[in-house]
Each structure stands twice: as C-alpha cells, then as structure tokens.
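One structure below.
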Amino acid sequence: MPIDATQPYDPDNIFAKILRGEIPAKPIYEDAHAFAFPDINPQAPQHILVIPKGAYVSWDDFSTKASDAEIAGFIRAVGLVAREAGMVEDGYRLLANVGQHGGQEVPHLHVHIFAGRPLGPMLARQG
Ligand code: AMP
C-alpha cells in the first residue's frame, strides 16, 4: 500500500530499522549523511537504494527540513554510488517515489538507482 507522504516520520519503518542495524542489509556505501544497499527485490540487473541517515519521510520532507549539509551529502552520495558501481558509461536511472500517486511503499526517503540494461520508457503506459 502506498503511504501518505504527509504523515509524521515512523521510527519503526523498515529502513529506520536497517539504519539501526535491527534488520540486515549489505552495505554498498556509507558516510555521515547516506547509506546505500541493494534492493531486496531488484527491478534491473543493478538496483541500489540510497537513503539519508536523517529521519525524513519523503523527498518533500527532506527538501523542506534537511540542512544544506545533509542535502549536499545525500546528493553527492547518490552520484558517488552510481559512479563507483560503474554505471556512468552505459547510463542509469534515478527514481524517488513520493506518496500515493508516486507509489511510495517505505516511509523513509529513498532514491532507487537502476542500471545494467536499457531501462525502457520513463513511465508505464496506462491501460
Ligand atoms: P518504494 O515503492 O519506492 O517505496 O520502494 C521500496 C523498495 O524497498 C522496494 O523496491 C522494495 O523491494 C525495497 N525493500 C523493502 N524492504 C527492503 C529490505 N529489507 N531491504 C532492501 N530493500 C527493501
């Protein structure tokens, strides 16, 4: 079920538990502001999730409330993860789902990085 992106942050969401080490995730990258790990249900040959360490529900919440250092750190981490995964030469796609219409399932901001094959049309066609 997609979440309501205006809800308060739920500290028991699955990515908060990953950040606290209560649920395992294979670390791909970690710094003061970001953590990257493989998506458990990959939708492309390479599918990585990058999350901020701070408690933000969505892109909207993050871009409103995070400090400049958190925002710069997170954005740089997304680029670094893709670069270090060797995705730049053939290209990759970033996706951040927000709320009901975005289809966001986990209420902690995450950016999906997809790569490893041509990724097709930007959005599924309706009907
Ligand atoms: P979204 O629909 O944008 O909220 O995407 C949530 C993503 O989190 C999905 O692609 C799931 O496969 C992924 N996911 C859920 N639980 C885990 C987990 N424990 N470890 C890694 N990825 C997960």
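The values are calculated or read from the model by the stated rules, or taken from the named source; none is laboratory data. This is a predicted model, so every value here is computed, not measured. Note that we place each Cβ from the backbone using ideal geometry, even for glycine, and neighbour counts take in every protein chain shown. Ligands, DNA and RNA are stripped out before the accessible areas are found, and what is left, the full protein with its side chains, is counted by its heavy atoms. Shrake-Rupley method; radii C 1.70, N 1.55, O 1.52, S 1.80 Å.
One Cα centroid belongs to the range 81-127, the other to the range 30-52; the line between them spans 11 Å. Restricting the GluC sites (Glu not before Pro) of the range 59-98 to loop positions (DSSP other than H, G, I, E, B) with no more than 10 neighbouring Cβ atoms within 10 Å leaves GLU89.
So what is the calculated 222 nm ellipticity per residue for the chain, using -39500 (n - 2.57) for each DSSP H run with n of 4 or more, over all residues, to the nearest 500 deg cm²/dmol?
The helix contribution divided over the chain gives -7500 deg cm²/dmol.
With a cut-off of at most 14 other beta carbons within 10 Å, and DSSP calling the residue loop, which trypsin sites (Lys or Arg not before Pro) in the range 1-100 qualify? Please list them. Filter output for the range 1-100: ARG20.
Once the 1.4 Å probe is applied to the protein heavy atoms, the range 1-91 comes out at 58 Å² accessible per residue. Pairs of alpha carbons in the range 40-125 separated by more than 16 Å make up 56% of all such pairs. For the chain, with all protein chains in place and a probe radius of 1.4 Å, 55% of the accessible heavy-atom surface sits on carbon or sulfur.
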